1. Could you tally the net charge around Glu246, taking each other residue with its Cβ under 14 Å from the Cβ of Glu246, Lys/Arg +1 and Asp/Glu -1?
2. At q = 0.07, 0.13 Å⁻¹, work out log10 I(q)/I(0) for the chain with the Debye formula, treating every Cα as an identical point scatterer and leaving solvent out; two decimals please.
3. Which of the trypsin sites (Lys or Arg not before Pro) across segment 196-289 are loop residues per DSSP, with 15 or fewer other Cβ within 10 Å?
4. Per-residue HN-Hα couplings for segment 133-147, Karplus 6.51 cos²θ - 1.76 cosθ + 1.60 at θ = phi - 60°, whole Hz, x for Gly and Pro?
5. Pairing the Cα long axis of helix 190-200 with the longest principal axis of the chain, what angle in degrees results, from 0 to 90 and rounded to the nearest 10?
6. Highest mean first, what order results for 32-41, 164-173, 187-196 on Cβ atoms within 10 Å?
7. What order do you get for 14-24, 118-128 when each peptide is scored by the mean count of other beta carbon atoms within 10 Å, highest first?
8. List every residue whose amide H lies under 5 Å from the amide H of Val57, counting only residues 5 or more places away in sequence or on a different chain, with H placed 1.01 Å from N in the peptide plane.
Amino acid sequence: MRGARTRVLVTGGAGFLGSHLCERLLARGYSVLCVDNFFTGSKDNIAHMLADPQFEVMRHDITFPLYVEVDQIYNLACPASPVHYQHDPVQTTKTSVIGAINMLGLAKRVKGRILQASTSEVYGDPQVTPQPEDYVGAVNVLGPRACYDEGKRCAETLFFNYHRQNGVSIKVARIFNTYGPRMHPNDGRVVSNFINQALRGEPITIFGDGRQTRSFCYVDDLIDGLMRLMDSDASVIGPLNIGNPEEVTIRALAETVVAMTGSRSDLVFQPALEDDPMQRCPDIRQVRAALDWEPTVPLREGLARTIAYFSGDA
Ligand code: NAD
Ligand code: UDP
Ligand code: UDP
């Protein structure tokens with residue numbers, strides 16, 4: 001029997017962002033169904049929630065249909081790190097595209113609201129900075145990142161078409177680089193790589209000359225933004241950039257991590273990755289106005305918390 005409690009489906013709930021989201025939804029008194037195929041997610045990320053009677057886990061691949069009864073869906077399932085999403089590029093696109101169709105079909109049937117975890121990668125290697133939502137992007141259709149970028153772009157198209165054609169209540173968040181505790185230590189993402197290399201005293205691997213930029217958002221801020229978007233008035237559908245506009249070069253990030261960990265690691269420069277975006281910084285004027293949201297955790301503070309996590313002190 002269904003009670004008054006809001007039931008929320010989180011796909012990719014055993015991943016980095018998904019596990020933080022599940023935690024925050026439970027804290028609000030919601031009932032949470034975490035669906036994950038454990039490709040990049042892990043049971044360790046969700047073990048502490050298993051005793052909660054409002055938390056349920058289901059091993060399932062969203063490229064297959066899913067029939068459950070829920071009020072809201074956060075669609076986060078998809079590997080996010082380049083190393084992981086390029087491991088099986090066909091499956092990555094299937095997860096984004098067929099997964100979106102299935103979750104949108106589910107939202108349509110249950111008349112629920114659905115939020116898509118889209119990405120700054122829809123802008124590709126952007127020629128304008130910071131990137132506003134109306135920038136159409138510069139993605140190389142044939143490059144190694146396209147399986148992810150084009151999959152996410154097509155998912156956005158599907159969201160808007162289900163909204164226009166079937167009246168599905170949608171929310172689309174374009175998430176920029178996010179970091180924090182529970183990042184996969186070996187998934188190749190830059191923050192976890194640099195911190196772990198620094199803590200082990202190993203060389204810090206900079207791809208290219210290190211002048212490329214990223215803007216890093218602490219996980220708690222990001223989750224707050226996603227939940228505000230889900231809660232917002234039906235007229236707010238996005239796409240909205242959610243990220244921290246504090247832009248840094250990758251070289252500066254490496255130097256900061258080395259200084260903060262007190263490491264003796266050297267910086268080593270390796271060949272640049274193919275199609276690696278040279279700059280990335282969110283224009284957050286729209287999300288500020290629509291959701292009264294902006295990041296609150298400065299990079300150094302978020303790095304300190306993440307370093308504590310990887311050192312085993314948190
Ligand atoms: P993650 O790899 O830690 O989590 C993804 C989760 O999805 C994992 O638990 C994985 O096992 C699961 N998954 C993958 N394919 C699946 C499938 N077919 N069926 C069911 N589950 C599946 O990544 P994350 O950083 O937590 O990212 C979560 C979402 O946010 C992704 O959609 C990603 O594209 C998006 N995003 C993340 C960032 C970031 O910086 N972390 C930036 C932009 C967008
Ligand atoms: N779907 C699902 N769960 C549901 C409802 C639909 O997984 O509760 C899937 C279904 O398998 C279908 C897809 O979502 O392939 C799209 O559904 P839609 O109703 O839009 O399309 P149709 O069923 O008409 O092809
Ligand atoms: N990067 C790096 N060394 C690493 C891992 C990544 O120099 O060990 C660089 C990478 O080339 C890119 C940036 O850091 O320019 C961010 O990479 P990440 O994989 O974290 O995210 P994305 O490229 O998807 O933004």
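1. Net of charged neighbours comes to -2.
2. These q points yield log10 I(q)/I(0) values of -0.26, -0.93.
3. Loop-located and lightly packed - Arg211, Arg264.
4. 5, 8, 6, 7, x, 9, 9, 7, 4, 9, x, x, 8, 4, 4
5. Long axis of 190-200 versus the principal axis of the chain: about 50 degrees.
6. Order by mean packing, descending: 32-41, 187-196, 164-173.
7. Per-residue Cβ counts within 10 Å, averaged per peptide and sorted highest first, yield 14-24, 118-128.
8. Answer set, sorted by chain and number: Cys34.
None of the figures in this text is laboratory data; all of them are computed from the coordinates on show. The model shown is predicted, which means the values in this text are computed figures rather than measured ones. FYI the Cβ positions are ideal-geometry reconstructions off the backbone, even for glycines, and counts take in every protein chain you see.
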